[in-house]
Structure formats: structure tokens, C-alpha cells
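Worksheet: the structure to be examined is printed underneath.
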Amino acid sequence: MDSGFWADVIGITHAVFVLFVVGGLALILAGWAAAWEWTQNRVFRFAHLAAIGFVVIQQWMGAWCPLTLWENELRRKEGVAGYEAEFIEYWLNAL
């Protein structure tokens, strides 16, 4: 497989991670209001908290997400410019 394919896979994985972090909170709050038992699942809640913790520590350290760095490296191997900003900043500005 070529670098462009793997860069796309990483980009999709990154988008799913962001959706899990942001959407997970919305689902937890909705689940609390609607009494959905699965939103109280300890594995789900721990995974969500760990994901948030990873993002908080990374931002606190001023570091770029490793997925963004890896995707950029693969895109540059294909001769395509990588993100000039972090993943979320890039896509929010694009919208």
C-alpha cells in the first residue's frame, strides 16, 4: 500500500477519535437524562476519560497529536503538503 492510503487511514482514525471524545460526552449526558444503561458502562467511561486525559496532557505540554505528525509525514512522502495547523484547527478553519 502507498503512503497516501495510510495517510487517509490515519486521518479517518483521527476523525473517529475526535468524534469519540466530543460525541462521547454528548452521549453520556443524553444517557444520563434518558437512563441509558450502556452510557454508565465502566469500560466506556474509562476509555472516554482516558481519551480526554490524553488530549488534555498533550495540549498542556504544547505537543502536536502523534496522529497528525504521522499523517503529515506520510502525505509529504506522497508529495502533498501536510496540515499547517493541528488536525482540529485545520478542519474547523476549512469548514
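Every number in this text was worked out from the coordinates using simple rules, so none of it is lab data. Given the structure is predicted, the values throughout are model-derived calculations rather than measurements. When we count neighbours, we look across all protein chains shown, and the Cβ atoms used for this are built from the backbone with ideal geometry, even at glycine.
In whole Hz, what ³J(HN,Hα) sequence does the stretch 42-47 give by Karplus (6.51, -1.76, 1.60; θ = phi - 60°), x for Gly and Pro?
For the stretch 42-47, the Karplus curve yields 5, 5, 4, 5, 5, 4 Hz.
Using the per-residue mean of other Cβ atoms lying within 10 Å as a proxy for protection, in what order, highest first, do the peptides 51-61, 18-28 fall?
18-28, 51-61
Over every pair of different alpha-carbon atoms in the chain, take the mean of 1/r and invert it; report that Kirkwood radius in Å.
It works out to 14.9 Å.
So who's got an amide H within less than 5 Å of the one on Glu78, skipping anything under 5 residues away but keeping other chains? H placed 1.01 Å off N, in plane.
Result for Glu78 returns nothing.
Along the stretch 53-69, what does the Karplus equation 6.51 cos²θ - 1.76 cosθ + 1.60 (θ = phi - 60°) give for ³J(HN,Hα), rounded to whole Hz, x for Gly and Pro?
x, 4, 5, 4, 5, 4, 5, 4, 7, x, 9, 7, 5, x, 5, 5, 4
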